[in-house]
Every structure is written in C-alpha cells, then in structure tokens.
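Asks: Below is the structure I would like to discuss, written out as structure tokens.
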Amino acid sequence: MNLVPMADILQDAHEKTYAVGGFNINNMEFLQGIMMGAEELNSPVILQASEGAIRYIGIDYVMQMVEAATKNTNIPVALHLDHGSDFESVMKCIQAGFSSVMIDASKKPFEENIALTKKVVEAAHSVGVSVEAELGTIGGTEDDHTVEEKDAMYTDSDQAKEFIEATGVDALAIAIGTAHGVYEGEPELDFERLDKIKKLIDMPVVLHGASGISAKDLKTGVKYGVNKVNVNTDFQQVFTAKVKEIFAEKPELYDPRKYCGPGREAIAEKVKEKIKILGSDGKAW
C-alpha cells in the first residue's frame, strides 16, 4: 500500500513550522472528500480511523478503501488509528497495515501511561509504524469515549519532557483547552503552555478537538509548534448540512448518490479550507 509513516510527515512539518491535518474517515465519501481536497492543494494528509469508525466500516473495508484512494496519489499519506484504547486494538491495526497508531492512556496514572505507551512504541517501531500518545486529558466526546469538563486536565510541561524521554513516541497530543465534539462556548487556548511544552520537547505536537477552533487560533497554534491538527466534527457537520439542504429542496429524493455526492464535495471544500489555515498546501514532497 502506498502509505508512509506519520513520523516522516510530521518531522517535515516540525522542521518547517506548519501543521498537517489528521482527518477522520467515517465512510467512503469522507475518505474521497479528504483525498480530493488534499490532492488538489498538493498537501500531505493523515487519514484517521477511530475505533468506532473501524467497528462501523470494518477494518478490511478500511484497508481496501484506503488502498484504492492512495494507489495513484502523488501526495504523502499516512493511515492512523485515532485514540487506540488498549494494546490489543493497536496491534490489530498494525497487523492490518496502518502506518501509524495512537495509544491513548491519558486517563491512566502517569506511570501507567508511560508503561503502556512504551510497550506500544517498542512493538510499533519494530515494524516501522509511528506512534502518537496523549498526556493530559482532553474534554468532550470522541465515539464512546467521554471526558467531562470537570475531569479535563491540561498537560504539564515537565511531565511532557519526562514522558517523551521515557517512551520514545513520535508525536505527543497535549491538552491546552480544546475539546472533542461541539463547543458550547468560545474555547480559550493556553498558548503559553503550548509554547513552553514545544520548546522543552522539541518534537511534533498534536492538537485534538480542533473542530470549532477559529482560523486565528489554529494559525497561532501552528506558530507555537502544533504540527498535527485533528478534525472530524467539522466534516460531519458540513456533510450533514449539505444533505439536509438537498432534502429540504427535494424531499422526494431517494437516490443516495444525489445527496452523498454533494456531501462529499462539501467535505472536500472544508478540507481545503483547513489545509490552507494549517499551511500544508504545496508541502507534498
């Protein structure tokens, strides 16, 4: 399969101060829309599948669709497991052919997070697969994983340095005020914390929960060292909005191609918007 390790994509972004989208696949149209947008702007892209999406689509379908989508592409593409919950889930994705995985042990005590992450890194790196981990707790809901706002916890900079030295991860997702899902108010991001963490660890940093974050704040995040930005809800919203718009005009419609196709186009346009904000347009090598 024409995939590259996520570490290769993010290292270039880290060195040149831009960010690459980690864009989630929910069905075929999402995958097609993401690839259409990234290819048009000649941008590297990280295709992400959450555990929930894998259950919904089926891992074999995920792999075959991604193989078809990347067969003739000229842009760097990584396939990444988003929020892997345990060692077994991560290993299944590595065995299936994912080029990158995330192990999310952020809700565990610090030492347990280190131990599990290190175990995943050792296994993944032995076969050339990149690893992302998370330190700190990001609020909101991702699939069936929910963290209440009162339980969200910002990433400690000193712990971040200790964590990456102990685990050898390729990218670190940090908590600076974002949340998964839909924001109820305007999020306030702790850029001072981001800047301090980035300078201490000097490696690719990941921002989760970027849907709903303003273009200005995303650009500021990139300026201070974010190299991967996860987007899912924004794409779900534009796809659904387009489908609703079509049914409002033509309630008698029954051919899914007549509404899923425009939904796919809406995703492609939103993908291009995000790519331009993150600065990865024209960065494909």
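The values are calculated or read from the model by the stated rules, or taken from the named source; none is laboratory data. All values derive from a computational prediction rather than experimental measurement. Counting neighbours? That spans all protein chains shown, and the Cβs are built from the backbone with ideal geometry, glycine included. Accessible surface is based on the protein model in full, side chains and every heavy atom, while ligands, DNA and RNA are left aside. Shrake-Rupley method; radii C 1.70, N 1.55, O 1.52, S 1.80 Å.
Asks: Accessible area per residue of the chain at 1.4 Å probe, in Å²?
Replies: 45 Å²
Asks: What are the ³J(HN,Hα) couplings of the range 238-247, residue after residue, when phi is run through the Karplus curve with 6.51, -1.76, 1.60 and θ = phi - 60°? Round to Hz, x for glycine and proline.
Replies: 6, 5, 5, 4, 5, 4, 4, 4, 5, 5
Asks: Further question on the same structure: Rounded to the nearest 10 degrees, what's the angle between the helix 28-40 long axis and the longest principal axis of the chain, both from Cα atoms, 0 to 90?
Replies: Helix 28-40 sits roughly 80 degrees off the main axis of the chain.
Asks: Using r as the Cβ-Cβ distance of LEU253 and MET28, and R0 as 30 Å, what FRET efficiency do you calculate, to the nearest 0.05?
Replies: 0.95
Asks: Under 18 Å from a point placed 7 Å out from the Cα of MET1 along the Cα-to-Cβ direction: which residues of the range 88-118 have their backbone N that close?
Replies: Residues 88-103 qualify, since their backbone N sits under 18 Å from the label point.
Asks: Here is a further query. Does a label point 7 Å from the Cα of ASN74, set along Cα-to-beta-carbon, have any residues of the range 5-49 with amide nitrogen under 12 Å, and which are they?
Replies: Those under the cut-off are 39-43.
Asks: Going highest first, how would you order 95-108, 56-69 by mean Cβ packing within 10 Å?
Replies: For the peptides 95-108, 56-69, the packing ranking is 95-108, 56-69.
Asks: Now, a different point. Can you list the aspartates and glutamates whose alpha carbon is less than 17 Å from that of LYS283, not counting same-chain residues fewer than 8 positions off?
Replies: Output for LYS283: ASP8, ASP12, GLU15, GLU39, GLU40, GLU273.
Asks: Next up: How large a share of the accessible area of the chain, in percent, is made up of carbon and sulfur atoms when the probe is 1.4 Å and the other protein chains stay in place? Please list the in-between numbers first.
Replies: Working: 6100 of 12750 Å².
Heavy-atom surface of the chain belonging to carbon and sulfur, 1.4 Å probe: 48 percent.
Asks: Further question: For the range 1-94, just list the percent of Cα-Cα distances falling in each 10 Å bin from zero outward, please.
Replies: For the range 1-94, the pair-distance distribution reads 16, 51, 29, 4.
Asks: I'd like the Karplus ³J(HN,Hα) series for the range 269-282: coefficients 6.51, -1.76, 1.60, θ = phi - 60°, whole numbers in Hz, and an x wherever there's a Gly or Pro.
Replies: So the J values, rounded to whole Hz, are 5, 5, 4, 4, 4, 5, 4, 5, 5, 7, x, 8, 5, x.
Asks: To continue, here is another question. Pulled fully out, how much extra length does the chain show between LYS276 and ASP195, if you take 0.36 nm times their separation in residues and subtract their Cα-Cα distance?
Replies: Length difference between fully extended and current span is 27.0 nm.
Asks: Next up: Could you work out how far apart the two model spin labels at LYS223 and VAL127 are, taking each label as a point 7 Å from the Cα in the direction of the beta carbon, and quote it in nm?
Replies: Here the answer is 4.2 nm between the modelled labels.
Asks: Turning to a different aspect of this structure: Percent of Cα-Cα pairs more than 23 Å apart in the chain, please.
Replies: Numbers: 20486 of 40470 pairs.
Value for the chain: 51 percent of Cα pairs lie more than 23 Å apart.
Asks: Excluding residues on the same chain fewer than 8 positions from LYS258, give the aspartates and glutamates whose Cα lies under 17 Å from its Cα.
Replies: Hits, sequence-local ones excluded: GLU29, GLU245, GLU249.
Asks: Separate question: How much length, in nm to one decimal, is gained on full extension between GLU15 and ASP158, taken as 0.36 nm per residue of separation minus their Cα-Cα distance?
Replies: Details: separation 143, 0.36 × 143 = 51.48 nm, distance 2.24 nm.
Working it through step by step, the gained length comes to 49.2 nm.
Asks: Which pairs break 31 Å Cα to Cα here: LYS71/LYS108; LYS71/LYS270; LYS161/LYS216; LYS198/LYS244; LYS16/LYS216?
Replies: Flagged as over cut-off: LYS71/LYS108; LYS198/LYS244.
Asks: Sorted by mean Cβ packing within 10 Å, highest first, what order do the peptides 162-169, 238-245 take?
Replies: Result, highest mean first: 162-169, 238-245.
Asks: If you don't mind, there's one more thing I want to ask. Give the cross-link partners of LYS119 among the aspartates and glutamates, using a straight C-alpha distance below 12 Å as the criterion and excluding same-chain residues fewer than 8 apart.
Replies: Cα-Cα hits under 12 Å: ASP86, GLU88.
Asks: Taking 37 °C and 0.692 mPa s as the conditions, I'd like the Stokes-Einstein D for the range 43-116 in µm²/s, using the Kirkwood hydrodynamic radius from alpha carbon pairs. Please report the intermediate quantities before stating the final value.
Replies: Working: Rh = 13.2 Å.
It diffuses with D of about 250 µm²/s by this estimate.
Asks: Taking the Cα atoms only, what angle lies between the long axis of helix 6-16 and the longest principal axis of the chain, rounded to 10 degrees?
Replies: 80 degrees
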